[in-house]
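One structure is given here, and the rest of the page talks about it.
The values are calculated or read from the model by the stated rules, or taken from the named source; none is laboratory data. Just so it is clear, the model here is predicted, and its values are computed rather than measured. Positions of Cβ are generated from backbone atoms using ideal geometry, with glycine treated the same way; all protein chains shown enter the neighbour counts.
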Amino acid sequence: MITPGKRSQPPEPGPGVVEHMPEPTKTRLRHLRGQLAAAHADKLLPSDLYRELQGLIGWADWRIDRPLTRDQIRYQRFHVVSMFRRQYIEQHGKKRGSQKYAYHAAARELTGPYAGAWSTMKDDFLFEQRAPGGTDPRSVRIRETLERRAREASEKLARRRRRR
């Protein structure tokens, strides 16, 4: 059972797992293009840039012609909000205000099927943040919902018995 105060984030994708890999944003692609242009053509690419480009190509190969699921959209929004939140904390050295900033920045950054208002970013971020890592989030949520409904039903039954 998951206690209300314990929250973990979805696990980072493992090596070779592209299904839950966050999609690159336009800002990230522009940054990669700048790094690639800065690298001289006659020299080998730095290993981290090469690895990042290989991952992007692998992701694009997997992603082409696949419809997006609601979970993938939610995960992408969560990833971008988390990225902006970390960026805010690094710049300002405090957590206060980081989530609100991240929601608004993600709403400005994301386009296409991921686009949405800041409130949508907030809802999806909080939904994914509550999902425990290491297990299937949907099955855990379903179990928690069923447990909650069972508690409510037993409380309702207990109240009826007291009235008699």
| query | Is it true that Leu49 is assigned to a helix (DSSP H, G or I) and surrounded by fewer than 18 Cβ atoms within 10 Å (Cβ to Cβ)? | reply | yes
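Let me confirm something: among Tyr88, Tyr75, which residue is surrounded by 18 or more Cβ atoms within 10 Å (Cβ to Cβ) and in contact with a Phe, Trp or Tyr (Cβ under 7 Å, 6 or more places away or on another chain)? Let's see the steps before the verdict.
On the way: Tyr75 fails: in contact with a Phe, Trp or Tyr (Cβ under 7 Å, 6 or more places away or on another chain).
Matching residue, one of Tyr88, Tyr75: Tyr88.
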| message | Can you find, within segment 68-110, the residue that is modelled with the lowest pLDDT among those that are touching a helix residue (DSSP H, G or I) at 6+ places or on another chain (Cβ under 7 Å) and assigned to a loop (DSSP other than H, G, I, E, B)? | response | Leu68
| Count of segment 130-151 residues which are part of a helix (DSSP H, G or I) and either among the small types (Gly, Ala, Ser) or modelled with pLDDT of 90 or more (or both) | 2
| message | Please determine whether any residue of segment 34-45 is within 24 Å of the chain's Cα centre (by Cα), assigned to a loop (DSSP other than H, G, I, E, B) and modelled with pLDDT under 75. | response | no
| task | Within segment 82-132, track down each residue that is more than 19 Å from Asp71 (Cβ to Cβ), under 15 Å from the mean Cα position of the chain (by Cα) and of a type outside the set (S, T, N, Q). | result | Phe84, Arg85, Arg86, Ala102, Tyr103, Ala105, Ala107, Glu109, Trp118
| remark: Note on segment 117-129: residues modelled with pLDDT under 90 and more than 15 Å from Arg85 (Cβ to Cβ) are Phe127
